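The values are calculated or read from the model by the stated rules, or taken from the named source; none is laboratory data. As the structure is a computational prediction, the values presented were derived from the model and not from experiment. Reconstructed Cβ throughout: ideal geometry from the backbone, glycine too, with neighbour counts over all protein chains shown. For accessibility, only protein heavy atoms count, side chains too; no ligands or nucleic acids. Shrake-Rupley method; radii C 1.70, N 1.55, O 1.52, S 1.80 Å.
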Amino acid sequence: MASLKDLRNRIASVKATQKITKAMQMVAAAKLRRAQEAAEAARPYSERMGAVLANITQAIGGGGDAPALMTGTGRDDVHLLIVCTAERGLCGGFNSQIARLARDHIRRLLADGKQVKIICVGKKGFDILRRDYSSLILERVDLREVKTLGFANADAIARKVIQLFSQGGFDICTLFYSQFKSVISQIPTAQQIIPAAQASAAAEAGNAGGAVYEYEPEPGEILSDLIPRNIAVQIFRALLENAAGEMGAKMSAMDNATRNAGDMINRLSITYNRQRQAQITKELIEIISGAEAL
C-alpha cells in the first residue's frame, strides 16, 4: 500500500496535470471559433468551384480539348493519396480516424494489385502510416511553423501534385481529411481530386437549373487554368476543415481529461483520508494499550 507521502505527491501531480488540461481546453476553445469560421467560409467557394467545373465538363463533353487533369490518363494503376492530419496530438481519435480511413483504402488498392503513393500533410498521419507503409510515402509536408493557414500553403502542395501528375507519377489522386461538423463530430472524408471531372461530379447536381452558358475563351483554355486552381482550393478547404476539427477534438479531449483528473483526485483523496484515519486510530490504540500496561 502506498504511504501517505506517496499519496500526497500523487494528488499534487494529478492537480498539476488538471491545470494543464484545463488551460489547453481554454486555448482550444479560443482557437476553435476562428478555425470554424474559416472552414465554413471556404465551403461555398469550393462547392461553387466544383459546380462551375461540372458545367464546363458538360459543355465540352470530355472532348479532346479537355486537359488531362480532368479526363485522367485512362488508367487507374497508380494511386496517389494525400493524407491530411494534424501536426500535434492530444486531440482524441481525430488523427487516427483519418489514418484508419486512408489505411483501409490502401489495403483495398494493394489487394487489387494497384500501386500506391502517399503524401502526408501533418506529422501525426506520417507517424501512423510509416509504421506499415513507410516505403510508399513520397513526402511529408511540415506545417508546424505555420501559425495561420493560408492559400499559399495549399497552393504549394497542389503544385507538387500537378508536377508529379505531369511526369506520369500517378493516375488517380485522392484527398483524405476530416470534415468538421461540430465540436464532438468530425467526419473522416476521402475526396478524389484528380481526375477533376470525377471529383466535381457531386457538384453537378448543384448546377443552377441546368442552365446553358457560353464561355470566352474556349472551355478547354478555361479548364487549363481553372482545374489547377480547383485542386489547390480543395486542398485548402481540407486544411481548414482539419484545423477546425482538430481544435474541436482537442477541446473535447481536454475537457474529458480534466474531468477524469478530477475523479482521480477525489478517489486518491478518499484513499488518503482513510489511510490517515487508520494510521491515527492505530497510534491511539498503541497509546491506550501502553497506558493500560502501566
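Descriptive notes on the structure:
- Unit charges on C-beta of K, R, D, E only; dipole of the chain, Debye: 1780
- Counted charge near residue 263, where neighbours are those whose Cβ lies closer than 15 Å (Asp, Glu -1; Lys, Arg +1): +4
- Lys/Arg +1, Asp/Glu -1 at C-beta; the chain dipole; positive extreme among 95, 265, 137: 265
- Protein heavy-atom surface of the chain, 1.4 angstrom probe: 52% of the accessible area is carbon and sulfur, with nucleic acids and ligands not counted.
- Cα-derived Rg to Rh of the range 243-294, Kirkwood definition: 1.55
- DSSP-assigned coil residues among trypsin sites (Lys or Arg not before Pro) in the range 85-128, each with at most 16 further Cβ atoms within 10 Å: 88, 114
- When you restrict to C-alpha pairs under 8 Å that are six or more residues apart and normalise by the size of the chain, the relative contact order lands at 33 percent.
- If you wrap the tightest convex hull around every Cα atom of the chain and split its volume per residue, you get 159 Å³.
- Dipole magnitude for the range 222-263: computed about the Cα centre from +1 point charges on Lys and Arg Cβ and -1 point charges on Asp and Glu Cβ, it is near 80 debye.
- Per the Debye calculation on the range 32-172 with a single equal scatterer at every Cα and no solvent contribution, log₁₀ I(q)/I(0) for q = 0.11, 0.22 Å⁻¹ amounts to -0.52, -1.42.
- Pairs over the 28 Å Cα-Cα cut-off, from the set 31/160; 19/147; 114/147; 22/147: 31/160; 114/147.
- Counting only Cβ charges, +1 for Lys and Arg and -1 for Asp and Glu, the dipole size of the range 110-193 around its Cα centre is about 220 debye.
- Just so you know, the averaged projected area of the alpha carbon convex hull for the range 71-113 sits at 4.0 nm².
- Local charge for residue 86 was computed over the other residues whose Cβ lies under 9 Å away, with Lys and Arg +1 and Asp and Glu -1, and equals +2.
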